[in-house]
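The values are calculated or read from the model by the stated rules, or taken from the named source; none is laboratory data. Values in this document were obtained by computation on a predicted structure and should not be read as measured data. A quick note on method: Cβ atoms are made from the backbone with ideal geometry, for glycine too, and the neighbour counts reach across all protein chains shown.
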Amino acid sequence: MIIASKITHYKTGERAIAEEMITKLCELGTRNDLLLFDRGYPSRDFIKFIEEKQLKYLMSVSSAFLKVVVNAPDKDQVIEVKYKGDLLKMRVLKFELNSGVIETLITNIFDEDFSVADFKELYFIGFPLRNLIYTCSKI
């Protein structure tokens, strides 16, 4: 479901737009929402912003993201990262794609009732929307 959208100059950073949309979401009132993000979004600043809004997220991370995340040895583990006087706590999830590539996700959902398989399913739910956004951005 699309709650809000914004058309901006092509040079506008996607994190800045996301922060505006998240602020708008909070103004509208959140109801136990989970925000899904692809590899272009994760940064310590962005994660801190989401945490300050008390929202839940699930993000795919690139191999260039924080080494402590990328090099996490387990398929499901919690790590803590110090940043600007705060401690960012995140759950690192890893699974193998059909291509053999290891996908790494991070989230701030720590409930162990949710398995790696559950997060994998949630991650793939976002694919059609990401494809739609990509297509619209090329128009």
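Scanning segment 49-66 for residues that are farther than 17 Å from residue 109 by Cβ and either touching an Asp or Glu at 6+ places or on another chain (Cβ under 9 Å) or of a type in the set (A, V, I, L, M, F, W, C) (or both) yields 49, 64, 65, 66.
Only one of 39, 44, 91 is surrounded by 17 or more Cβ atoms within 10 Å (Cβ to Cβ), within 23 Å of residue 116 (Cα to Cα) and of a type in the set (Lys, Arg); which? Let's see the steps before the verdict.
Values: 39 fails: surrounded by 17 or more Cβ atoms within 10 Å (Cβ to Cβ); 44 fails: surrounded by 17 or more Cβ atoms within 10 Å (Cβ to Cβ).
The unique qualifying residue is 91.
Do you know which of the residues in segment 1-24 that are outside any loop (DSSP other than H, G, I, E, B), of a type in the set (A, V, I, L, M) and touching a residue at least 24 places away in the same chain (Cβ under 8 Å) is surrounded by the fewest Cβ atoms within 10 Å (Cβ to Cβ)? Reasoning before the result, please.
Here is the first cut: in segment 1-24, the residues outside any loop (DSSP other than H, G, I, E, B) are 14-24.
Those still in the list that are of a type in the set (A, V, I, L, M) too: 16-18, 21-22.
Those left that are additionally touching a residue at least 24 places away in the same chain (Cβ under 8 Å): 18, 22.
On the way: 18: 17, 22: 20.
The residue in question is 18.
Residues in segment 109-125 that are of a type in the set (S, T, N, Q) and either in contact with a strand residue (DSSP E or B) (Cβ under 6 Å, 6 or more places away or on another chain) or at pLDDT below 95 (or both): 0 in all.
Among the residues of segment 1-45, which ones are closer than 22 Å to residue 88 by Cα and among the small types (Gly, Ala, Ser)? Hits for segment 1-45 are 16, 18, 40, 43.
Would it be correct to say that residue 42 is in contact with a Phe, Trp or Tyr (Cβ under 6 Å, 6 or more places away or on another chain), more than 14 Å from residue 120 (Cβ to Cβ) and part of a loop (DSSP other than H, G, I, E, B)? So residue 42 fits the description; yes.
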